[in-house]
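Read the structure below first, then the notes.
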Amino acid sequence: MSSLWISGAQVIDPATRRNAPGDLFVRDGRLADSLSPAERKRARKLDGRGLVACPGFVDIHVHFREPGQTHKESIGTGTRAAAAGGFTTVVCMPNTSPPADNAGTIQFIMDAAGRDAVVKVFPTGCITIGMKGHALAPIGSLKRAGVVAITDDGECVQSNELMRRAAEYAGMFGLPIMDHCQDQSMTQGAVMNEGVMSTRLGLRGWPHAAEDLIVSRNVILSAYTGAHIHLQHISSQYSVDIIRQAKAKGLRITAEATPHHLALTEGALAGYDPNFKMNPPLRTEADRQALIAGLRDGTLDCIATDHAPHTDYEKDREFDFAPNGILGLETALPVVLGVLVREAKFKLPQVVDLFTRRPAELLGLAAGTLRAGAPADICLFDPKESWRYDARAGQSKSRNSPWDGQTLTGRIKCTLVDGRVVFDGRRIV
Amino acid sequence: MTWNRRHLITVEELSLQEIDQIHATSAAFKKILRRSVKKVPVLRGKTIVNLFLEPSTRTRLAFDMAAKRLSADVISFDAASSSTTKGETLRDTAENLQALNADMIVIRHAASGSPLYLSRLLDIPVINAGDGAHEHPTQGLLDTFTMKEHLGALQGRKVVILGDILFSRVARSNIHALTKMGAAVTLVGPSTLVPHWFTDLGVTVSHDLKSALADAEVVMLLRIQHERQASSHFPSLGEYTSMFGLNMARAAWLSPRAIIMHPGPINRGVEIDSELADGPRSVILEQVANGIAVRMAVLYLCAGGQPDHAVTAGGEDLP
């Protein structure tokens, strides 16, 4: 019998409406209401004074690049980055090489996770074979192999007919569909938001209308089929409005926002730095404010990082030629605290909710709460500590972060998975 | 007034004073080009690399000739023969050129922002000879130089830029130069090629050719790129010509003293009729000639020369 006693922390658990100074007790990897005096005497003790103790964060959108692109990241390094960012549960996207469009590849990912992961990994499978958008992947077999959702993330199913059938078919298994909303006919060669800034920089524009169209399409198909469609990395004000209307009608639509779309705008592209290049692109201040408003009123359900590692030699190129995507796991908390708490005056429990209960409930994952009996997946952070983020010193294999070298406020001090410390604030244990 | 800039990446970042310095230096070099010996030794012993990673004829010839008029050694490097086709990155290509002791790089690249990227990697001056749809600073500088020769100061002058503005780096460099010099700039063309976002750069956007051309003192035509037709930007070249092509009847709407400009290469019968391109109001070939002087000025200044020395140029007393 192993036990752990975290004392004197500000305990925040939105799932149980807890927000008070107090202690957390862990027995055999699960949270407990209390420990006996004998257990307390033997328990490992963690001093939580000055720290927030909350459920380990849940990220439903990461790219760990395994199999096939382990020069960028692996399940081992990706989960280390997750732990360093306070995340104890992550959901991997299937755009690996080969894409995770069959049960064998899912099994490979599960095996690698069992061997190398330091946090909990849930895979997703593709909607279509090879993510090519032509034919349905074996969704039933993927479900049996353990996927928690299907998605062609990075690509977007362009055929409305195929998307309709995918929604109906996946609905039979209770599998949500996660969609990267992008009308590709409107974004050929596009590398940044279309508007004043793309006009100035002479870069090909990606109009928000291309997102709005597919968001609308998905709302309509969810209404028609009754399927749960989750809209990934929403970036546009107009899309937030469409989602708000859909939710008012009670449709099974959910949506996420990334830390970078909350914190940055297209103005960051003035220097053509590919570490600000991602898909969907950074948009305008009005869009950014709409995302904040969407999180405030529940239109957007959760934060997801879209952690997308690329090597230096891939990113260090002409802007047009650099791949899309940035790291997100290790900077998510301080970046989001900066936007939502310090700027937009959210209360800390609201932010913790967006990182824990809500993403877990969205995909039905047994995570995101400190309820007694739940797995002791816990994050301890100091919301006030400022630190310099050095991507080189980070846990990810890659370094493509727009926050590299910046001083951030809010720091993960300890991450526990099943009651075991996996990150102690400095290194992976 | 000293010149302190080592790179020329955009017109947008230049001050009005710097534009004037380049123009004054260009005027001094233009005199040299009229002499029987058209060469000055100011860049003798210097090596300039023309790194042209996108096809170009006139810009490359003009930079080549400008460098030779300044007595520099010129190495040309183009996409077809370069190791970029073997997958070498721009960083590696550029660092190799610097390791070969090149003194300056002139770069043409299809990707916007590439010259800025290069200028951050290298210790030697980088001159932008056109990057994607972003800027073509020497073209903007030579166009405004040509306008000044004909009209004097450009403050308050009505300048119309007509054609495919969206994809044009020439338009952007001209817009920045002209607005800094106080000209009233109107962009005209189909709404798909002249989006309203350009108004943010301090210009007027119009889709009505007649009102835009009324009393204009300069009309600058931009090449209509045939490949745009294959996309959805306009229906056909024929329709473009019927709506926006410049012909004799429409040229009558211009100010009587108006000049007609085009950065080339021109599509006769598409954006401009031959009789206008070859007519008395056309300054198209003057633009080409001025392109040498302006590029000499830019190479000279970015290599460390000073405007005052060039103005006093007898040639040999230049540093």
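Values quoted throughout were computed directly from the atomic coordinates according to the rules given, and no laboratory measurement underlies them. Values in this document were obtained by computation on a predicted structure and should not be read as measured data. A quick note on method: Cβ atoms are made from the backbone with ideal geometry, for glycine too, and the neighbour counts reach across all protein chains shown.
Observations, loosely collected:
- Normalised by 2.2 N^0.38 Å, where N is the number of residues, the alpha-carbon radius of gyration of region A:1-52 equals 1.11.
- Beta bridges per DSSP, both residues in region B:83-241: antiparallel share near 5 percent.
- Contact order relative to length of region B:137-286, as percent, for alpha carbon pairs under 8 angstrom and 6 or more apart: 23
- Assigned charges on the beta-carbon of Lys, Arg, Asp, Glu; region B:33-162 dipole about Cα centre (debye): 780
- Counting Lys and Arg as +1 and Asp and Glu as -1 over every other residue whose Cβ lies under 15 Å from the Cβ of A:Trp387, the net charge comes to +1.
- Only Cα pairs under 8 Å and 6+ residues apart enter the sum, and on that basis the relative contact order of chain B stands at 23 percent.
- Gyration tensor verdict on region B:84-240 (Cα atoms; rounded if a/c is under 1.5, prolate if a/b is larger than b/c, oblate otherwise): oblate
- Range in chain B, longest, excluding exposed trypsin sites (Lys or Arg not before Pro) [loop by DSSP; at most 12 other beta-carbon atoms within 10 Å]: B:45-256
- Among B:Met1, A:Met186, the ranking by other beta carbons within 10 Å of each residue's beta carbon, starting with the fewest, stands as B:Met1, A:Met186.
- Ranking A:Ser222, A:Met197, A:Leu262 by how far each Cα lies toward the positive end of the dipole of region A:191-321 (charges on Cβ) leaves A:Ser222 at the top.
- Residue of A:Gly56, A:Gly325, A:Gly171 that the Gaussian network model of chain A assigns the largest fluctuation, springs spanning Cα pairs under 10 Å: A:Gly171
- With neighbour counts taken as other beta-carbon atoms within 10 Å, the residues A:Ile253, A:Ile428 rank, fewest first, as A:Ile428, A:Ile253.
- Sequence-distant contacts, meaning Cα pairs under 8 Å at least 6 residues apart, place the relative contact order of chain A at 20 percent.
- Rg [Å, one decimal], Dmax [Å, integer] - region A:246-378, C-alpha atoms: 16.4, 52
- Rg to Rh quotient for region A:56-363, alpha carbon positions, Kirkwood Rh: 0.93
- Cβ-based net charge around A:Asp101, under 12 Å, with every Lys or Arg adding one and every Asp or Glu removing one: -1
- Residue pairs, from the table A:Lys41/A:Lys397; A:Lys345/A:Lys413; A:Lys277/B:Lys68, whose Cα atoms sit over 30 Å apart: A:Lys41/A:Lys397; A:Lys277/B:Lys68
- All-pairs alpha carbon distance profile, the protein assembly as shown, 10 Å steps from 0, percent: 3, 13, 20, 20, 16, 13, 9, 4, 1, 0, 0
- Taking the DSSP bridge list for the protein assembly as shown and keeping only pairs wholly inside it, about 35 percent are antiparallel.
- Cα shape, region B:159-254, gyration tensor, a/c 1.5 rule: oblate
- Local net charge near B:Arg34, Cβ-Cβ under 15 Å (Lys/Arg +1, Asp/Glu -1): +4
- Centroid-to-centroid, using Cα positions, region B:195-235 and region B:38-81 are 32 Å apart.
- The angle separating the long axis of helix B:16-33 from the principal Cα axis of greatest extent in chain B is about 80 degrees.
- For a straight C-alpha distance cut-off of 20 angstrom, the lysines reachable from B:Lys158 (same-chain residues fewer than eight places away being disregarded) are B:Lys148, B:Lys180, B:Lys210.
- For the protein assembly as shown, size of Cβ-based charge dipole, Lys and Arg +1, Asp and Glu -1, in debye: 1200
- Most positive-pole-ward Cα, B:Ala94, B:Phe29, B:Thr10, against dipole of region B:1-99 from beta carbon charges: B:Phe29
- Percent of beta bridges antiparallel (DSSP, chain B, rounded to nearest 5): 5
- Computed about its Cα centre, the charge dipole of chain A is approximately 1420 debye, with only Lys, Arg, Asp and Glu carrying charge at their Cβ.
- Computed over chain A, the per-residue total of -39500 (n - 2.57) for DSSP H runs of n ≥ 4 gives a 222 nm mean residue ellipticity of -8500 deg cm²/dmol, rounded to 500.
- Dividing the C-alpha radius of gyration of region B:1-80 by 2.2 N^0.38 Å, with N its residue count, gives 1.22.
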